[in-house]
Structure formats: structure tokens, C-alpha cells
Amino acid sequence: MKNAVKRKLIQIAAFGFTNSHIGNFAGGKLYTGKWKQFCNPGLNCYSCPAATLACPIGAMQAVAGSIQYHFSFYVVGFLLAVGVLFGRLICGWICPFGLVQELFYKIPSRKFRLPKWFTYIKYGILAVFVIVLPIAATNYMGMGKPAFCQYICPSGTLFGGIAMTATHPELRATTGLLFALKMGILLVTIAACVFIFRFFCKTLCPLGAIYGLLNKISVYHLEVDKNACIQCGQCAHTCKMDVDPVAAPNSAECIRCGACAAVCPKRAIRLGFRSETSTAAQNKPSAEKP
Amino acid sequence: MTMQRLKCKKRILFQGAALLLSALMLAYGISRGELETVWNKAVNICLECIGLG
């Protein structure tokens, strides 16, 4: 099976598993079972009626902004474990909002690439909206609000906001400037995703920022056989995340989609958990002896 | 090759240390009841998340 087809099937399966309570859309109810205490590795709003798991970014802010705690060891430990094992493989293969963005990108139109500096915005959003504001901007009881969810997250507006306001007249009656702002961000994000591959992942996603930083040391990684590589540049040209796999195999932007490995004429690029470098080094101990 | 092997060893060391740290954080977080906080937030409509809060 072709890598692109396999990836799409896994993305759809992951989307289906993490949003399996479709029947809840009719009454605008939320799933309230025990699975909701566990985090989804990808970005998926827990206020979506179909959601099975908790959004890790929402959960991190909820715990940090609660009265009892100011830091979530559970969510940070979870993200660290997932990030060290898989890196941004999660973004490329599992994230529900990643799949949605890729579907919008399929709309025929002229496609554009973003300047590199846009990719740094997500680190600022992670620091300010996910880490600092929920802890620092508290009310008289010492409770903070999930600032990223409140002011930015288009996934929450799409999966939770639209469904909930459509099914609850009392919620619809309370919509105001904030809802308009979030709808605006959602519309801009969707429009941008038609022209730019995974615009949200590249520029705004704090979860992508965390996994991106861990891409550098993740067990699942990308390797380039420099001896086999003929520097044709096809991999860099194919990459929709604007990464040059030869120059930066473990770039924070690489979502491990495998498009570069599929297009390499010399099969010099491989993705996996095992390191060929270490295997080769172990198999050839005499190679470095004088 | 020696440099590559060193780099690889360093990487594995980092990974091991990070995984150990994550396991400790997970265990501590769960032991102090963070799962319940997450569940409480996730099973109720999050007004902030949907743009009303």
C-alpha cells in the first residue's frame, strides 16, 4: 500500500476513534465516561460532543488554572512521553485537526509557502497563552482561564463551539464579541489552509510546538544515508512542511508524513524507531580501528 | 564513525532520561488526583473553549 494512502487511512481511523460519540451531536451532549480523563495525543476539543478523550492543551491549562494546582505533572508527563517516543509523527498521522486541515488543502487553488519566521509564532503562543496566562491571570479565588482555548483555538470553535451553540439556544443567546473573534480566527484558519498546507500546525499550534521541540530527540526519527544521497533536492521540493530532510532530518517542522522517503530515487531516506547509524556502528566495530 | 556513535549514545541517553522523567511526572500527577481535575473539566461544557467564557 502506498504511504500516502496508508497515512490517510490511519488519520481517518484515529479521527473515528477519538470522535466516536457521533450520536451526541443530536442533543448537544458530551460523552462523560471514564475515557475522558485520558488525554488525546492530538488536538481535539473535549467540548466536542463526539470527543472520547480530553484535549491535552485544554487539560494542561485546566489543571494549571485550577484552585488546587498550578502545574500539571500528569499532562506534561504525558506529552513528554508521547513526544520523546513519537515526536511530530502524532501531528502527521493521528491529529484530528491535522486531517481537517489537509482536507481543506485538497480544495483546488493556487498553493503558497510561508516565510520561515511564521513557524516561530507557535512557540510564543505556547509560552504566553498555554503556560503563563492560565497561571498568572487568575481571579480572586486563584483560578486561571484556559487562555489558548478562550482566545485562539479554532479546533474548539469548529468541533465544540458550532455544535454546542447550534443545539443549545441558551448558549446561542450568550454569544458575543468573543465568539465573533473565535469564529473570525476559525474562518481565517480555514481560508489559509486552502492555500497553505497545515497553516494552523505551522504557525499557531502549541501542541505542534511541544512535539516539534521533542522531534530533535524523539525515538521515531528520520535518517538520511549521506552516501546514497545524490543531492537531487526532490525530497525538499516535495515536502509540504517546507523542510529539507537532508539538511535538517529532525527539524521541528517535520511531521513524519514520509512523503520525502517515498519520492527519494535512491531510497536514502528512512523513517523509523531503530537507528541505522547505531546498527551500522555496532555491526562494523573494526571499521574505525587503525 | 566514532563521532556518530557518540552522538547516537548521547541521543539514547537523552531519550532514556526524558522517558524516566515523564514516567515520574505521570505517576506523581496521577497520585495527587489530576486525572479527576481533567475529567471534571472534560465532561462539562467548557465555555471558554467554545468561545463564550
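Yes or no, residue by residue, for (1) in contact (Cβ under 8 Å) with a residue 24 or more places away in the chain; (2) within 20 Å of the chain's Cα centre (by Cα); (3) assigned to a helix (DSSP H, G or I):
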site: A:PHE17; (1), (2), (3): yes, yes, yes
site: A:SER20; (1), (2), (3): yes, yes, no
site: A:LYS29; (1), (2), (3): no, no, no
site: A:THR32; (1), (2), (3): no, no, no
site: A:LYS36; (1), (2), (3): no, yes, yes
site: A:THR52; (1), (2), (3): yes, yes, no
site: A:ALA59; (1), (2), (3): no, yes, yes
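A count restricted to the range A:31-49 and to residues that are surrounded by fewer than 22 Cβ atoms within 10 Å (Cβ to Cβ) and of a type outside the set (D, E, K, R) stands at 6. Answer yes if at least one residue in the range A:70-88 is within 14 Å of another protein chain (Cβ to nearest Cβ), closer than 28 Å to B:LEU19 by Cα and surrounded by fewer than 16 Cβ atoms within 10 Å (Cβ to Cβ), and no otherwise. There is at least one residue in the range A:70-88 that is within 14 Å of another protein chain (Cβ to nearest Cβ), closer than 28 Å to B:LEU19 by Cα and surrounded by fewer than 16 Cβ atoms within 10 Å (Cβ to Cβ). When A:GLY65, A:GLY92 are checked against the criterion of being in the same structural domain as A:LEU186 (by TED's automatic domain parsing), within 30 Å of A:ALA4 (Cβ to Cβ) and crowded, with 23+ Cβ neighbours inside 10 Å, a single residue qualifies: A:GLY92. Given the condition surrounded by fewer than 24 Cβ atoms within 10 Å (Cβ to Cβ), aliphatic (A, V, I, L, M) and without any contact (Cβ under 8 Å) to a residue 60 or more places away in the chain, answer yes or no: does some residue in the range A:204-218 qualify? Within the range A:204-218, none of the residues are surrounded by fewer than 24 Cβ atoms within 10 Å (Cβ to Cβ), aliphatic (A, V, I, L, M) and without any contact (Cβ under 8 Å) to a residue 60 or more places away in the chain. When A:SER20, A:SER109 are checked against the criterion of being polar (S, T, N, Q) and surrounded by fewer than 14 Cβ atoms within 10 Å (Cβ to Cβ), A:SER109 stands alone in meeting it. Return a yes/no flag: does the range B:5-25 have any residue that is of a type outside the set (Phe, Trp, Tyr), without any contact (Cβ under 8 Å) to a residue 24 or more places away in the chain, within 7 Å of chain A (Cβ to nearest Cβ) and within 30 Å of A:GLY176 (Cβ to Cβ). Within the range B:5-25, not a single residue is of a type outside the set (Phe, Trp, Tyr), without any contact (Cβ under 8 Å) to a residue 24 or more places away in the chain, within 7 Å of chain A (Cβ to nearest Cβ) and within 30 Å of A:GLY176 (Cβ to Cβ). Of all the numbered requirements in (1) out of contact with any strand residue (DSSP E or B) (no Cβ under 8 Å at 6 or more places or on another chain); (2) among the aliphatic types (A, V, I, L, M); (3) away from chain B (no Cβ under 14 Å); (4) more than 28 Å from A:ILE217 (Cα to Cα), A:VAL128 misses one, and that requirement is (4).
Of the set (1) free of Cβ contacts under 8 Å to residues at least 12 places away in the same chain; (2) outside any helix (DSSP H, G or I); (3) farther than 25 Å from A:VAL82 by Cβ, all apply to A:LEU187 but (2).
Taken together, the criteria place B:LYS41 among residues that are part of a helix (DSSP H, G or I), of a type in the set (D, E, K, R) and closer than 20 Å to A:CYS153 by Cβ.
Look at (1) more than 10 Å from chain B (Cβ to nearest Cβ); (2) in a helix (DSSP H, G or I) and you find that A:ASP242 fails only one, number (2). Would it be correct to say that A:GLY212 is in a helix (DSSP H, G or I), within 30 Å of B:ILE12 (Cβ to Cβ) and at pLDDT 95 or above? Against the criterion (in a helix (DSSP H, G or I), within 30 Å of B:ILE12 (Cβ to Cβ) and at pLDDT 95 or above), A:GLY212 qualifies. Here A:ALA26, A:ALA54, A:ALA13, A:ALA50 are screened, and the one residue that is more than 10 Å from chain B (Cβ to nearest Cβ) and touching a helix residue (DSSP H, G or I) at 6+ places or on another chain (Cβ under 7 Å) is A:ALA50. Can you tell me which condition A:LEU181 does not meet? The list is (1) touching an Asp or Glu at 6+ places or on another chain (Cβ under 9 Å); (2) farther than 18 Å from A:CYS48 by Cα; (3) within 10 Å of chain B (Cβ to nearest Cβ), and all the others hold. Failed condition: (1).
Have a look at A:GLY176, A:GLY160 and point out the one that is within 24 Å of A:GLY42 (Cβ to Cβ) and either buried (at least 17 other Cβ atoms within 10 Å of the Cβ) or within 11 Å of chain B (Cβ to nearest Cβ) (or both).
A:GLY160
The values are calculated or read from the model by the stated rules, or taken from the named source; none is laboratory data. Keep in mind that this is a model prediction, so the values were computed, not measured. Don't worry about glycine lacking a Cβ; one is built from the backbone with ideal geometry, like all the others, and counts go over all protein chains shown.
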